[in-house]
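Heads up, the thing below is written out as structure tokens.
The values are calculated or read from the model by the stated rules, or taken from the named source; none is laboratory data. All values reported here derive from a predicted model rather than from experimental measurement. Backbone-built Cβ (ideal geometry, glycine too); neighbour counts: all protein chains shown. Heads up: the accessible areas ignore ligands, DNA and RNA and are worked out on the full protein's heavy atoms, side chains in. Shrake-Rupley method; radii C 1.70, N 1.55, O 1.52, S 1.80 Å.
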Amino acid sequence: MAAGKYDYVNDITPAKESWDIVVRVVRLWFVPDLNSKQNFYAMEMVLMDEQGDKIQASVRKALLSRFQSKLCDGAVYNLKSFGVAANSGAYRTTKHKFKLNL
């Protein structure tokens, strides 16, 4: 990867709208829907860049069908279109101040 071509996880903030990162899916899991044990509410991931910095990412129920078969543990992806939000929930999987919403 060429230096300066991609952004790094450590630099991600909501102040910028257009990010271009290359990350590995370190861990991926599904959050069950409390109303239906056969369905999922969301897909959650921990992503890591080449510098070893990690950030949490989420795919909500409305977009699960689009991403579920395309993302898997251990694979490397180039992500460009995602939202950035505060990582302020009670369940935080990384120390990063922000999380990604795909």
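Let me spell it out: the conditions are (1) surrounded by 17 or more Cβ atoms within 10 Å (Cβ to Cβ); (2) not in a strand (DSSP E or B), and L47 meets all of them except one. Which number is the exception? (2) is the only condition that L47 fails. For residues in the stretch 1-44 being outside any strand (DSSP E or B) and charged (D, E, K, R), which is farthest from the chain's Cα centre (by Cα)? Per the stated criteria, the residue is K5.
Would you mention how many residues in the stretch 82-102 are touching a Phe, Trp or Tyr at 6+ places or on another chain (Cβ under 9 Å) and either open to solvent by 60 Å² or more (accessible area, probe 1.4 Å) or of a type in the set (A, V, I, L, M, F, W, C) (or both)? Give the derivation first.
Going residue by residue through the stretch 82-102, those that are touching a Phe, Trp or Tyr at 6+ places or on another chain (Cβ under 9 Å) are 82, 84-87, 100-102.
Now drop any that are not either open to solvent by 60 Å² or more (accessible area, probe 1.4 Å) or of a type in the set (A, V, I, L, M, F, W, C) (or both), which leaves 82, 84-86, 100, 102.
The qualifying residues number 6.
Kindly indicate whether I12 is open to solvent by less than 30 Å² (accessible area, probe 1.4 Å), in contact (Cβ under 8 Å) with a residue 24 or more places away in the chain and touching a helix residue (DSSP H, G or I) at 6+ places or on another chain (Cβ under 9 Å). Answer is no for this residue. If we scan the stretch 58-78, do we find a residue that is within 19 Å of Y6 (Cβ to Cβ), assigned to a strand (DSSP E or B), open to solvent by less than 30 Å² (accessible area, probe 1.4 Å) and of a type outside the set (V, I, T)? Looking through the stretch 58-78, none of the residues is within 19 Å of Y6 (Cβ to Cβ), assigned to a strand (DSSP E or B), open to solvent by less than 30 Å² (accessible area, probe 1.4 Å) and of a type outside the set (V, I, T).
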